[in-house]
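Asks: One structure coming up, written as structure tokens, with questions to follow.
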Amino acid sequence: MFKKKKTKKEVHVFPRDLKELGYCIDEEGQLKTIVGGEPYKFEVREKDKAYNEALYDAILETIGDWVQDTLQKKFGMVRALLPIGVTESDVHTKIYVSPDYLTNEKMMIFIPGTSHTIGIWSRRVLADKSVVEGSMIAYTQRAIEMGFSVVITNPNEVFWYKDKGVLILPKSTSEFSTIPGSESPENHIKYVFENFVIPSGAQKIVIVANSYGGHCAIDIVQNKFDALKDRVKAIEFTASTHSIDYVMTDKMRVWVREHCRNWLMSDQEAGKEVIDVRFGCTSLSSGAELNEFVTTEVIDDVFSFIERRVVNEEFWEISDNEENDDYLEETKIIELDNELMNEIGDVREIRDIQEKVRPELEESPDSEWLK
């Protein structure tokens, strides 16, 4: 019996140069072909998935370089190597910080989901819509214009493989090592907060966290609750995968409810509340049909909210939807005795508890709850 001889898969190697790949980024931040100015299309070679995927990866690598270069040259972002004290020749990862991160009273921190190069929100948005919108360039620009310092985290480099940081190791017998302080996405965020955020002078901190980055944000606030509960003024989640079940204390559950919002993929009207008890906070429709586009779609809403909540120090907004008047109380728990605190087993019970303690509540604009 004859066996079919295995054929070696063709390995496609592309230059790490966008121009040599036949593409450019136009004035509007869109990826276009140099010849003809056509938008990027995945299927360059018909029915050749291996070639198309290899080209796609090569293009996105070069775009990642362009994004990092733009962050440094246009916005003055500084590349900081981790762990502190290493050089480019050592095992390391990197983050980007604005020069004023130590002294600025206001700080905005970006935590991406998994499998993205530093400075990238969505690979799909990069290729299909806009490099500026799919990266953190647009968010960085808006944050700086609003007077914030910026910290761009990089939880996707946890292994050191072939002289660079990676999140997932390929199937190979090649040697690798973990990156000290960034052995996992959670450890990376912990290291950044312990060495950059908490020691800084920032007293008004905002976190924007996408996908698994939402879990990392909850993890660090929970583990450093005393140091962060008063300094982190808001967390804007986009398509977050965090769970309120992960939150261990009643105080933290109340804090999440008061400080966090989660923008979701939804076919409902953008801005409409979506009831979802998994997250323990207000969930809103982004109007996006795909998770990859949520962060891009809500940028105006995110910064409008941050301007009101943090910059102008306005209070949480209450829904003007009369149908939700009973659901959204215009009060906040001022004080709960120990017996009552033990009754909080799930964030869904918070409003019931509010009714029980209503006689103890004080009328104050500061007690308004977020829609």
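The values are calculated or read from the model by the stated rules, or taken from the named source; none is laboratory data. Everything numeric here is computed off the predicted structure, so don't read it as measured data. Don't worry about glycine lacking a Cβ; one is built from the backbone with ideal geometry, like all the others, and counts go over all protein chains shown. With ligands, DNA and RNA removed, areas are computed over all heavy atoms of the protein, side chains included. Shrake-Rupley method; radii C 1.70, N 1.55, O 1.52, S 1.80 Å.
Asks: Let me cross-check residue 301: its accessible surface, 1.4 Å probe, with only protein heavy atoms counted, in Å² to the nearest 10?
Replies: So the heavy atoms of residue 301 present about 70 Å² to solvent.
Asks: Let me ask another. Hey, can you find the accessible area per residue of the stretch 74-168 for me, probe 1.4 Å, expressed in square angstrom?
Replies: Result: 37 Å² per residue.
Asks: Restricting to Cα pairs below 8 Å that are 6+ residues apart, what does the relative contact order work out to for the stretch 110-262? Please round to a whole percent.
Replies: 21 percent
Asks: Another question, then. Let me check against my output: what whole-number percent is the relative contact order of the stretch 230-315, with C-alpha pairs under 8 Å and at least 6 apart?
Replies: Over the stretch 230-315, the number comes to 27 percent.
Asks: Ignoring ligands, DNA and RNA, what percent of the 1.4 Å accessible area of the stretch 175-312 is carbon and sulfur?
Replies: 47 percent
Asks: Looking at the square roots a ≥ b ≥ c of the eigenvalues of the Cα gyration tensor of the stretch 190-240, which shape do they give, rounded for a/c under 1.5, prolate if a/b is larger than b/c, or oblate?
Replies: prolate
Asks: Based on the Cβ-Cβ distance of residue 178 and residue 314, what FRET efficiency does E = 1/(1 + (r/R0)^6) give at R0 = 56 Å, to the nearest 0.05? Before the final figure, lay out each step's value.
Replies: Values: r = 44 Å, r/R0 = 0.79.
My answer for the efficiency is 0.80.
Asks: Trypsin sites (Lys or Arg not before Pro), restricted to the stretch 37-79: which are DSSP loop and have at most 15 other Cβ atoms within 10 Å? All intermediate terms of the calculation are to be shown ahead of the outcome.
Replies: Numbers: sites: 41, 45, 47, 49, 73, 74, 79; in loops: 41, 45, 47.
Sparse-neighbourhood loop trypsin sites (Lys or Arg not before Pro): 41, 45, 47.
Asks: May I ask you to work out the translational diffusion coefficient for the stretch 41-161 at 37 °C, viscosity 0.692 mPa s, via Stokes-Einstein with Rh from the Kirkwood sum over Cα pairs, reported in whole µm²/s?
Replies: Here the translational diffusion coefficient equals 211 µm²/s.
Asks: Need one word for the stretch 128-237: rounded, prolate or oblate. Basis is the Cα gyration tensor (sqrt eigenvalues a ≥ b ≥ c); a/c below 1.5 gives rounded, then a/b vs b/c decides. Show your work: numbers first, answer last.
Replies: Details: a/c = 2.26, a/b = 1.38, b/c = 1.64.
Here the stretch 128-237 falls in the oblate category.
Asks: Sticking with this one: Full extension from residue 16 to residue 277: what is 0.36 nm times the residue separation minus their Cα-Cα distance, to one decimal in nm?
Replies: Additional length available on full extension: 89.5 nm.
Asks: Which whole-number percent is the relative contact order of the stretch 53-109 (Cα, under 8 Å, 6+ apart)?
Replies: Once divided by the residue count of the stretch 53-109, the mean separation gives 25 percent.
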